[in-house]
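Worksheet: one structure, shown below.
Where a number appears in this text, it was derived from the coordinates with a stated rule and is not lab data. Remember, it's a predicted structure, so these values are computed and weren't measured experimentally. Every residue, glycine as well, gets a Cβ built from its backbone with ideal geometry; the counts of neighbours run over all protein chains shown.
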Amino acid sequence: MIELIFATNNLHKLTEIRKAAGKNILVRSLKEVGFDGDIPETADTLEGNASLKSWFIYHRFGKNCFADDTGLEVECLSGLPGVHSARFAGLEHDHQKNMDKLLAEMKGASNRKARFRTIISLIMDGKEHFFEGIVNGRIAHYKQGSMGFGYDPVFIPNGYRKSFAEMELAEKNALSHRGIAARNLCEFLLRV
């Protein structure tokens, strides 16, 4: 069995990744390895932040690990909030405030195209590998649903009428950006 540390404290992300990993890959959380500190996220790209986090944990524990960074990129806002998605409305990572700010900035916008993009940085035996997942969609005019987290209540993937927050986890994982990136990661791990 392959064992990896996932450099996150986000239980929603951990659940999604573990579902994608299946039984052949043991994904350990930061809490499970005894780490509850902060990890730097000071890069100006998703790739940069994912890399910073994975190398930080790799150097700290000397074990194979991975980290992700995800951004919601809205076309009419020139790609914002992007790398700043978690802190779009302030440093406190408040999902409701982030969605409220996004909807306010898009008020009256006819172009509601957006995409979620996840980058995973895997450090395996001292070498870094990147995996990407993208899902295209649009921003709803109001929040819809109560499941999921982050911007899920306002993001409707292409081909659907319901938001990520209205989907069961299995349905969301089948088409989500994190699910795609995680499957790419797992396929790579099972090949090596």
* Asked: Restricting the count to DSSP beta bridges whose residues both fall in the chain, what percent are antiparallel, rounded to a multiple of 5?
  -> 80 percent
* So what is the calculated 222 nm ellipticity per residue for the chain, using -39500 (n - 2.57) for each DSSP H run with n of 4 or more, over all residues, to the nearest 500 deg cm²/dmol? -> -9500 deg cm²/dmol
* Asked: Over region 2-191, what is the mean sequence separation of C-alpha contacts under 8 Å (at least six apart), divided by residue count, expressed as relative contact order in percent?
  -> 19 percent
* Where Rh is the Kirkwood radius over Cα pairs, Rg/Rh for region 49-192 -> 1.01
* To do: Rank the residues Ile2, Ile156 as a footprinting-exposure proxy: fewest other Cβ atoms within 10 Å of their Cβ go first.
  => Ile2, Ile156
* How long is the gain from Lys127 to Ala43 if the chain were fully straight, where each residue apart is worth 0.36 nm and the alpha carbon distance is subtracted? -> 28.3 nm
* To do: Treat the count of other C-beta atoms within 10 Å as a stand-in for reagent exposure and order Val154, Val33 from fewest to most.
  => Val33, Val154
* Structure fact -> Cβ density ranking, 10 Å radius, fewest first, applied to Ser121, Ser51 yields Ser51, Ser121
* Structure fact -> Of every Cα-Cα pair in region 1-119, the percentage lying beyond 17 Å is 61 percent
